[in-house]
Structure formats: structure tokens, C-alpha cells
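In what follows, a single structure is set out as C-alpha cells and then discussed.
The values are calculated or read from the model by the stated rules, or taken from the named source; none is laboratory data. What you are looking at is a predicted structure, and each value in this text was computed from that prediction instead of being measured. Cβ coordinates were reconstructed from backbone atoms using ideal geometry, including for glycine residues, and neighbour counts include every protein chain displayed. These accessible areas exclude ligands, DNA and RNA; they are computed on the full protein's heavy atoms, side chains included. Shrake-Rupley method; radii C 1.70, N 1.55, O 1.52, S 1.80 Å.
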Amino acid sequence: MNYKIALIRGDGIGPEVVGEAVKVMDAIGEKFGHTFTYTDVLMGGCAIDAVGKSYPDGTAEACKACDAVLLGAVGGPKWGHSTDPQKRPETALLSIRKDLGLYANLRPAALRPALAEACPLKKETAEKGIDLMIVRELTGGIYFGKRERYQTEDRGEECADRMAYSEMEIERIGRRAFELARLRGKKVASVDKANVLETSRLWRSVMHRLAEEYSDVQYEDVLVDNAAMQLVRDPGQFDVVVTENMFGDILSDEASMITGSIGLLPSASIGDQAPGLYEPIHGSAPDIAGQDKANPIATILSVAMMFRYSFHLSQEAKAIEDAVDAVLNEGWRTADIAKAGEQAVGTIRMGELIRQHL
Ligand code: NAD
């Protein structure tokens with residue numbers, strides 16, 4: 001098979017980590033008999049420098065002509081100050097999610113066995129293992145609601161951010177979560193704040209309807225404040241955690257910290273149609289850009305997610321994950337995951353070691 005992949009290398013360490021991920025894809029292609037054709041798409045700070053806006057015309061169309069998108073990272077201090085949205089790198093991220101209809105963000109948080117000591121939780125908690133997937137609604141809720149700022153007569157200035165969810169939006173993300181749970185540990189925890197918010201009460205009623213339909217999946221409601229506590233108390237209890245946009249934003253970052261390093265975690269954003277977008281959860285790390293210090297594993301594992309969720313190539317995805325685990329088991333580390341006194345390898349060498357295990 002031939003697969004077309006849009007590469008948004010982006011800024012900072014983006015081009016370095018995407019470069020290693022591309023080499024891994026080519027190695028997989030050779031081993032399993034696939035070909036990958038790449039289209040470079042300009043987006044982010046580098047696009048501001050080149051054409052004056054972070055999301056150049058035709059970006060979405062170029063991505064839609066491909067089967068999947070791999071993104072490094074965009075942004076950096078150089079472009080952090082403009083008030084013109086077209087000159088802000090984050091505008092490009094929000095625009096591409098919207099234009100590609102990417103309403104589901106999948107953020108796995110798995111503690112890789114070789115790095116159990118990097119988990120900041122109690123030893124006995126880490127030993128139980130952590131392997132959860134946060135399914136975050138990505139295109140609705142308070143981040144996309146109407147914003148208002150107005151003057152009151154007696155209380156000074158006042159602001160409001162509207163949070164809205166429709167049954168349709170809740171049902172489609174819920175279905176994603178239940179389907180995913182069927183492929184994993186068959187458990188869904190739905191996180192809401194139904195004791196306070198009307199949107200959460202609608203969320204909960206739709207989830208309950210789905211839970212009856214997917215009766216082979218074990219289901220529970222968890223209030224968001226309790227979910228935040230449980231994630232640090234006993235994260236091993238969770239399999240798939242589904243939640244709305246803002247709760248998911250916060251909880252997925254919390255979950256990433258309990259696995260030890262930002263340089264290891266991949267993510268996927270998917271909708272009902274191709275292409276899905278795959279990216280590491282970290283940013284452009286300007287402090288280490290261009291120094292061959294970035295950990296490419298999160299981006300390489302994002303390719304594994306792409307293979308599994310966009311191309312249904314689970315054997316190929318597992319080959320990548322196994323190669324990463326093998327390299328870590330042998331003790332190889334990049335600087336971000338090396339313990340004091342341990343020698344670290346650079347971005348390029350880490351990519352090479354992973355390819356050697358394929
Ligand atoms: P960051 O994730 O870029 O960096 C945080 C810290 O983690 C830094 O010390 C960095 O060196 C380290 N780090 C990150 N990725 C690493 C890797 N692969 N290997 C080794 N170390 C790594 O977060 P930040 O500093 O808050 O953001 C920097 C820029 O990235 C900002 O402009 C931000 O807007 C942008 N950003 C982009 C995305 C995206 O493109 N999706 C996501 C988050 C942040």
C-alpha cells in the first residue's frame with residue numbers, strides 16, 4: 001500500500017523529531033512492504049516568517065489531500081508577542097483542528113516498564129502499572145464558546161465565556177471512547193461536573209444511554225475534582241477516560257506528568273473522516289532546539305498511533321512500540337530521561353537505535 005502523509009515539521013525541535021519519525025516510517029515501509037509519500041506543509045512560526053501568517057492559505061487543503069498528518073510542534077518566543085491572530089502560532093493549531101473536523105483527542109499515558117523509576121508517584125503505585133487513554137472532546141465547550149467583555153455599572157469590568165455542548169457532540173465523542181475501550185481494557189470512566197453544570201448533566205445522560213448500548217464495557221461516572229485526585233492516587237484503575245474539552249486539557253497534562261517525561265508521549269486527533277493528525281504532546285522546546293538533544297520517542301510513538309488508528313496497521317504499530325521498549329530496556333536514554341550520572345544519546349542516535357530494533 002502507498003500512504004500519503006502531510007508533514008508539518010513546524011518550529012524549534014519540530015523538524016528534528018519529525019526527521020527521525022520519517023526515517024522510522026521508511027524503515028517500517030521497507031520491512032512490511034508499504035510506501036510512504038510525504039508532502040511538506042508550512043505552518044506555525046516558520047510560516048509567519050515565510051508568508052506572514054501562521055496558517056497559510058491552502059494548509060487544510062494540502063492536509064486533506066493526504067491520508068494522515070504528522071506534526072512536530074509550532075511556536076516559540078520569537079512569535080509570542082503579536083496581538084494579530086494570524087501572526088500567532090496557536091491560531092494555526094486551532095484552525096487545523098477545526099478545518100479537519102478533529103473532534104477527538106486521544107492522549108495515552110502509559111508508564112513504560114523501563115522507566116518506572118521516573119514516575120513521581122509512590123513506588124507501589126507505579127509498580128501496579130499505568131496504561132490509560134484520555135479521550136478529550138476537542139472542538140466544543142468553553143474554548144469555542146462566545147466570549148464577552150463589558151462594563152457594569154457597579155462592579156467594574158466583567159467577562160463571560162460560554163460553555164455549550166450539543167447531544168450530537170457528546171454522542172460522537174462518547175462513541176469513540178466506548179469503541180476504543182473495546183480494543184483495550186473494556187472500561188470507560190466519564191468525567192464531568194454534573195453536580196454543578198448543566199452541560200455536564202446533558203453529558204452524563206448521553207453517556208448513560210451509550211453505556212446501555214455498549215453493555216460489554218464497564219462504565220462509571222467520575223466528578224472532575226475526584227478524577228484529578230484519583231489520577232495521582234491510583235491511576236492504574238483507569239482504562240479509557242472520556243471528558244469535555246477544558247477538563248481534558250487539564251487532566252491529560254496531569255496524566256502525562258505521572259508517566260515521567262513529556263518527551264515520551266504521543267497523541268492523536270481524529271474526526272469522522274481522514275486525515276487524522278498525530279503529534280507529540282510536547283511543544284517546540286526552544287531551549288534545546290537545534291542541539292541534537294530532543295527526545296524523538298514521542299513523535300515516533302505518534303507514528304505508531306497513526307498506523308493503528310488511521311491505517312489499521314496494528315502489527316506495524318506494535319513493531320514500533322516494541323522497538324522503543326527494547327531500546328529503553330537496554331538502558332539507552334536521551335538527556336530528558338537520563339538519571340544523574342547516566343550518559344545520554346542525542347536525537348539522531350536515539351532514532352537510529354530504534355530503527356536497528358525494527
Ligand atoms: P515545551 O513542551 O516545548 O517544553 C517544556 C520543557 O520540556 C522544556 O524544558 C523542553 O526542553 C522540554 N522538552 C519538551 N519536549 C522535549 C523533548 N522532545 N525532548 C526533551 N525535552 C523536551 O513547552 P513550552 O516551553 O511551554 O512551550 C514552548 C513553545 O511550544 C511555546 O511557543 C508553546 O506555545 C509551544 N507549544 C506548542 C505545542 C504544539 O505545537 N502542539 C504544544 C505545546 C506548546
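Checking segment 132-150 against the condition returns a match, with at least one residue being β-branched (V, I, T), surrounded by 13 or more Cβ atoms within 10 Å (Cβ to Cβ), out of contact with any Gly (no Cβ under 7 Å at 6 or more places or on another chain) and more than 21 Å from F238 (Cα to Cα). Flag not set for E137, criterion: free of Cβ contacts under 8 Å to residues at least 12 places away in the same chain and of a type in the set (D, E, K, R). Where residues in segment 254-270 are under 23 Å from G44 (Cβ atoms) and in contact with a Lys or Arg (Cβ under 9 Å, 6 or more places away or on another chain), which of them is surrounded by the fewest Cβ atoms within 10 Å (Cβ to Cβ)? This residue is S256.
Just so you know, in segment 116-131 the residues that are touching a residue at least 24 places away in the same chain (Cβ under 8 Å) and over 20 Å from the mean Cα position of the chain (by Cα) include one that is surrounded by the most Cβ atoms within 10 Å (Cβ to Cβ), and it is L121. Considered as a group, the residues in segment 258-269 that are under 30 Å from K123 (Cβ atoms) and at pLDDT 95 or above include one that is farthest from the ligand (Cβ to nearest atom), and that residue is P266.
Working only within segment 297-320, note down all residues that are without any contact (Cβ under 8 Å) to a residue 24 or more places away in the chain and surrounded by fewer than 18 Cβ atoms within 10 Å (Cβ to Cβ).
H312, S314, K318
For segment 270-308, a residue qualifies if it is within 11 Å of the chain's Cα centre (by Cα), of a type in the set (S, T, Y) and within 10 Å of the ligand (Cβ to nearest atom), and exactly one does: T299. Whether any residue in segment 145-161 is touching a residue at least 40 places away in the same chain (Cβ under 8 Å), outside any loop (DSSP other than H, G, I, E, B) and in the same structural domain as A194 (by TED's automatic domain parsing) is what I want to check. No: zero hits. Residues that are open to solvent by less than 50 Å² (accessible area, probe 1.4 Å), touching a Phe, Trp or Tyr at 6+ places or on another chain (Cβ under 8 Å) and either at pLDDT below 95 or part of a helix (DSSP H, G or I) (or both) within segment 228-248 comprise Q230, L231, N245, listed in sequence order. Say whether the condition of being farther than 30 Å from R182 by Cα, surrounded by 20 or more Cβ atoms within 10 Å (Cβ to Cβ) and among the aliphatic types (A, V, I, L, M) is met by at least one residue in segment 336-351. Yes, because at least one residue in segment 336-351 is farther than 30 Å from R182 by Cα, surrounded by 20 or more Cβ atoms within 10 Å (Cβ to Cβ) and among the aliphatic types (A, V, I, L, M).
Search segment 272-296 for residues that are polar (S, T, N, Q) and open to solvent by 70 Å² or more (accessible area, probe 1.4 Å) and pair each with any residue that is in a loop (DSSP other than H, G, I, E, B) and more than 10 Å from the ligand (Cβ to nearest atom) when their beta-carbon atoms are under 7 Å apart and the residues are at least 6 apart or on different chains. Within 7 Å, the pairs are Q273/G101.
Each residue in segment 181-221 was checked for being surrounded by fewer than 18 Cβ atoms within 10 Å (Cβ to Cβ) and of a type in the set (V, I, T), and 1 of them qualify.
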